[in-house]
1. Is there any pair with a first residue in segment 136-147 that is of a type in the set (A, V, I, L, M) and a second that is in a loop (DSSP other than H, G, I, E, B) and surrounded by 15 or more Cβ atoms within 10 Å (Cβ to Cβ) whose Cβ atoms are under 6 Å apart and which are 6 or more apart or on different chains, and what are they?
2. Tally time: how many residues in segment 260-278 are at pLDDT 95 or above, assigned to a loop (DSSP other than H, G, I, E, B) and under 17 Å from the mean Cα position of the chain (by Cα)?
3. Within segment 227-236, can you find the residues that are out of contact with any helix residue (DSSP H, G or I) (no Cβ under 6 Å at 6 or more places or on another chain) and surrounded by 22 or more Cβ atoms within 10 Å (Cβ to Cβ)?
4. Among the helices (runs of 4 or more DSSP H) lying completely within segment 121-226, list those that include at least 2 residues that are modelled with pLDDT of 95 or more, assigned by TED's automatic domain parsing to the domain that holds L240 and loosely packed, with under 13 Cβ neighbours inside 10 Å.
5. Looking at segment 96-107, can you tell me whether even one residue there is aliphatic (A, V, I, L, M), farther than 30 Å from V6 by Cβ and without any contact (Cβ under 8 Å) to a residue 24 or more places away in the chain?
6. Can you report the number of residues in segment 1-54 which are touching a strand residue (DSSP E or B) at 6+ places or on another chain (Cβ under 8 Å), touching a residue at least 40 places away in the same chain (Cβ under 8 Å) and part of a loop (DSSP other than H, G, I, E, B)?
7. Residues that are closer than 25 Å to L202 by Cα, part of a loop (DSSP other than H, G, I, E, B) and assigned by TED's automatic domain parsing to the domain that holds R164: does segment 66-76 have at least one?
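The values are calculated or read from the model by the stated rules, or taken from the named source; none is laboratory data. Only a predicted model underlies this, so the values are computations on that prediction, with no experimental measurement involved. Quick reminder, even Gly has a Cβ in these numbers, built from the backbone with ideal geometry, and neighbours come from all protein chains shown.
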Amino acid sequence: MATGRVIFLDCNDQLRPVFDELSQGDDPPLFVNSQPFVSEDLPCLLDGCTICIDDHSYMPTEIVARCKDLRHIVFLGTGPQSYMDVAALSRLGVTVHAIKGYGDTAVAEHAIALMFACARDLARMDRDIRGGEWRPREGVQLSGKRLGVVGLGGIGLEVARIARGLGMEVVAWSRSRQSTSAIAQVPIEGLLRSADVVSLHLALTPETAAFLDHSRFALLKPGAIVINTARGALIDEAALVDALNEGRVRRAGLDVFALEPLKADHPLAAHEAVTLSAHSAFRTYEASKALLTQALDIVRGLVDGAAPRARG
């Protein structure tokens, strides 16, 4: 089909060598932007572009409406809803393409890493030592503890598999009951009341926004560990801070936040009982290679496929 420019909007230093490795000589011309920008720059950056690869940059509807040539956004991940209004963009004639399954193992391993870091208070001891304080801290063993997996998609299932190998008892809750006999599925209230560790693996929808709120935090077993490598908005962050201060939550391991990047003065960033990572659970070479392989396949298909819809 006849297309305008194709742009990789926000290629970072980690993705660039993977992109270069996967690019083929007969690929459609693709401009790679590695320079920082703000949302107001999008109409200029996307001028003449019909296809855009987006690695977690916000795409405000009112700004995209000014990008008259844009027809397709290939989002590098599973949850574009956290960065753009997919339905509103569709009404503008812009189709958003998400990529699933590429990082199930990477995200699951990161969730387990956060569990260990929280159980043994590793981040706080690291900060102590760097600050000149030698203070061994007592932790808890994960073996023999109950893990509650909230959401049984590919990532949730992989977390459950690894955790069982560590000797954890695993129970799960899913919005749609999954056909697996390997994991006991229980009501969400029972999961929250009984789990020593709760790990979130839900998609973000209007129904799951603030899934862990004050009322659900109140159900938690005192001293529970909460892990979130899914979407920041699944947690009411003010409610989590309250639960941490009350001791209802012993530790929280968070890779995602309602608004990113997390500001240094955010209450979660200042809380000693929180271990943070920078939305990096899916960032492994292996996952990036699978991700960009699928993204470039989508771009090739769009260039070779049907003509895009007209924009008003």
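1. Once the first residue is of a type in the set (A, V, I, L, M) and sits in segment 136-147, its partners that are in a loop (DSSP other than H, G, I, E, B) and surrounded by 15 or more Cβ atoms within 10 Å (Cβ to Cβ) give L142/L166; L142/M168; L147/M168.
2. 3
3. First, the residues of segment 227-236 that are out of contact with any helix residue (DSSP H, G or I) (no Cβ under 6 Å at 6 or more places or on another chain): 228, 230, 232-236.
N228, A230, L234, I235, listed by residue number.
4. Numbers: elements: 122-130, 154-165, 188-194, 214-217.
Qualifying helices (runs of 4 or more DSSP H): 122-130.
5. Taking segment 96-107 and keeping what is aliphatic (A, V, I, L, M), we get 96, 98-99, 106-107.
From the residues that got through so far, the ones that are farther than 30 Å from V6 by Cβ too are none.
For segment 96-107, residues aliphatic (A, V, I, L, M), farther than 30 Å from V6 by Cβ and without any contact (Cβ under 8 Å) to a residue 24 or more places away in the chain: absent.
6. Looking only at that region, the number is 8.
7. no
One line per residue, one yes/no per condition, for (1) among the hydrophobic types (A, V, I, L, M, F, W, C); (2) within 16 Å of H110 (Cα to Cα):
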residue: G154; (1), (2): no, yes
residue: A172; (1), (2): yes, no
residue: I183; (1), (2): yes, no
residue: R193; (1), (2): no, no
